[in-house]
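Asker: Structure provided below as C-alpha cells; questions to follow.
The values are calculated or read from the model by the stated rules, or taken from the named source; none is laboratory data. Keep in mind that this is a model prediction, so the values were computed, not measured. All Cβ positions, glycine included, derive from the backbone under ideal geometry; neighbour counts span all protein chains shown.
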Amino acid sequence: MKNKFIRSVFGLLLLAFLPYQSRAIDAGVSYLVYATPEKPYLEINIEIAAASVTYKRVDSIHLQAGVDALILVKQGDKVINFEKYRLSSPLVASPVALLDVKRLFIPAGEYQLEISFQDINDPENAREIKAPLNVDLGKGIYLSDILLLRSYRPDDSDSPFTKNGYFMEPLAFNYYDRTSTMLAFYAEIYHAGKTVPEDTYLVRYFIEEELGNGVVQLISAGNQRKKTSAIDALLVPMNISKLKSGNYLLSVELRNSANELLTVRKLQFQRSNPFLEVAETELTEELVAKQFVTELDEPNLKYSLRAISAQMAGDDSEILKNILRGGDLKAMRYFLFRYFVQKDPNNPEQAYLAYMEVAGAVDQQFNSGFRRGFETDRGRAFMRYGKPDDMIHVEDDPSAPPYEIWVYYNFPKTQQKNVKFLFYNPSLAGEDFILLHSNARGEINNPRWERDLYKRNAGEQYQGDNVQDATSMQRNLGRNARTFFEDF
C-alpha cells in the first residue's frame, strides 16, 4: 500500500505588545503523517511564542503561562479523532516558548484539521487554524514530509519528543535565527524493500536559495545510500552558519541505482543571519546599543579589549591602542562588537564569552606581576595560536636564565609543520618570559638566539673563529637549548 503525506506550516509573527493592537497567540504548527507497520498516524508539532501569551507570577521567583488547546480531525461535521488539553509552561524566571507534540491515529481518507488555542490568563487572546488533511495509503516507495528540527540528541527516555533513540526538538515556525548554525531535518521512508528492485537506493538532499520569480540557486548538497527496508528513518544535519538572510528551499530526493527520481519532498524555510556580511557602515550606534557589549562597564570593556589585543595587527592595533588610551565607551563597545561579529556572525556574544573564558585562564597562568597574563609574550602566543602540543621548561641550565620551548606540530596560521617558540626570562623577575626566537613565519626570528640566551657566561665559547659574527655556542655540559630546539 502507498502512504501519502500532506504537511503544512503555520506561523504569524505579531507585535503583541504594541499599544492599541489586538493580541493573537503567535503559534507555529507543523503537521505530518507517519505510519507504523499497521496504520498511519498524525503528528502535530506546536510552538507558542513566549511574547504572545500572558505569564503570571506564581511566587516570588517563578512565572507560568498556559493555553487551552483543542485539536479536531473532521470529515464534514463528524469528528474522527480529537485532543483537548491544557499546555502549560514550566515554572520559569523569565518567559519561554511553549512546546508540545501530539500523535493521533487516523485511517486513510480526506479530512479537515482544526486547531485552536486560548490563553488561560487572557481569554480574548486566541488563535484558530484550519487546513485540509489528506491521508492516502499505497504500495509504492514513499517519503514522508520533512520535519525541521531546532536540535536533536541521543535519548532513550519516554519523552514525547523522542523517536528512534533521539530527542528531537521541532522547529515549528520553519525559521532559523542568527544564533543557529545547523539545520537538521527528519523524515521516514516506507516500502522501499517491496518496491525497489535493487538492494540500495540513494537519498539526495540539497538547499537552494529562492531568488524570486521561481529562480533558485544551489547552496549546498549531500547524499547517503540506504539499504532497502520496509521502514527507514532519515536524520540529517546540514551546516548553515554561512547561509545569509533570505528564503530557502530544502529538497529531499530518493533515486534508484540508475539515478532515476523515485520521489521528492520540498520544504521552504527562512534564515536570518544579519551579521554574516554586515559592512562596518551598517554597524550603527543603534544596532550596537542592542547587543551584549552594552552591559559591559568601563573596567570590563578595557579588560576585554586588552584581551583581544593579541589578535590585532596593522591599523587595528593602533586603533585599539588609541581607544584604550581614551575614555569613549561607545568607541570601546563598537570595536569589541565589531571584532566578535566578524569572528562569529551567528552568535557574537557566545564567541565573546568563550574567548574571555580562555583569556581569564591565560591571565592567571601567565600573569607576570607587571602585565596581564594575556599581554605577556607567552600569553599572547597562547591567545593567538592556542595551547602548544608540547612544551619543555628549563631552569637548571647553569649558563642560561630559565627558558621554555613550545612546539606546535601543525600550525594552521601559516600552514607550517613543527613550529617552535623559545621564551626566556633574562631579568629573572617573576614570570615575565620574553619571546627570543621562533621559526613561525611572521614572528621574531633571531639567528643569534643561542648567543643571546647564553651571553652572561659566554666567554670565548662561541662557535667558529669569527666572534663578532658567531650565532651559536659550543656544546657544553648542561648547555642543551639548541639540542632541545632542533630535536624536541
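Asker: Anything in segment 138-196 that is surrounded by fewer than 19 Cβ atoms within 10 Å (Cβ to Cβ) and on the phi > 0 side of the Ramachandran plot? List them, or say none.
Answerer: N164, G165
Asker: So, one more: V407: β-branched (V, I, T), farther than 26 Å from F275 by Cβ and at pLDDT 90 or above, yes or no?
Answerer: yes
Asker: Just to be sure I understand, how many residues within segment 376-412 are outside any strand (DSSP E or B) and touching a helix residue (DSSP H, G or I) at 6+ places or on another chain (Cβ under 6 Å)?
Answerer: 9
Asker: Follow-up question, since we're still on this one. Select from segment 233-282 the residues that are in contact (Cβ under 8 Å) with a residue 12 or more places away in the chain and among the hydroxyl-bearing types (S, T, Y) and write down the one among them that is nearest to S180 (Cα to Cα).
Answerer: S241
Asker: Would you pick out the residues in segment 351-379 that are surrounded by 15 or more Cβ atoms within 10 Å (Cβ to Cβ), of a type in the set (D, E, K, R) and out of contact with any Ser or Thr (no Cβ under 8 Å at 6 or more places or on another chain)?
Answerer: Passing the criteria: D363, R371, R372, D377, R378.
Asker: Something else now. Against the definition (assigned to a loop (DSSP other than H, G, I, E, B), at pLDDT below 95 and either of a type outside the set (D, E, K, R) or surrounded by 14 or more Cβ atoms within 10 Å (Cβ to Cβ) (or both)), how does L32 come out, yes or no?
Answerer: The answer is no for L32.
Asker: Counting only residues that are part of a loop (DSSP other than H, G, I, E, B) and among the hydroxyl-bearing types (S, T, Y), which one in segment 116-158 is farthest from the chain's Cα centre (by Cα)?
Answerer: The selected residue is S144.
Asker: If you check R255 against the conditions, is it basic (K, R) and surrounded by 18 or more Cβ atoms within 10 Å (Cβ to Cβ)?
Answerer: Against the criterion (basic (K, R) and surrounded by 18 or more Cβ atoms within 10 Å (Cβ to Cβ)), R255 does not qualify.
Asker: Next question, about the same structure. Determine whether Y41 is at pLDDT 95 or above and in a strand (DSSP E or B).
Answerer: Criteria not met by Y41.
Asker: Here is a follow-up. Of all strands (runs of 3 or more DSSP E) completely enclosed by segment 170-266, which ones contain at least 1 residues that are of a type in the set (G, A, S), within 30 Å of Q342 (Cα to Cα) and within 29 Å of the chain's Cα centre (by Cα)?
Answerer: Once the strands (runs of 3 or more DSSP E) in segment 170-266 are filtered for at least 1 residues that are of a type in the set (G, A, S), within 30 Å of Q342 (Cα to Cα) and within 29 Å of the chain's Cα centre (by Cα), what remains is 182-190, 200-212, 215-227, 246-255.
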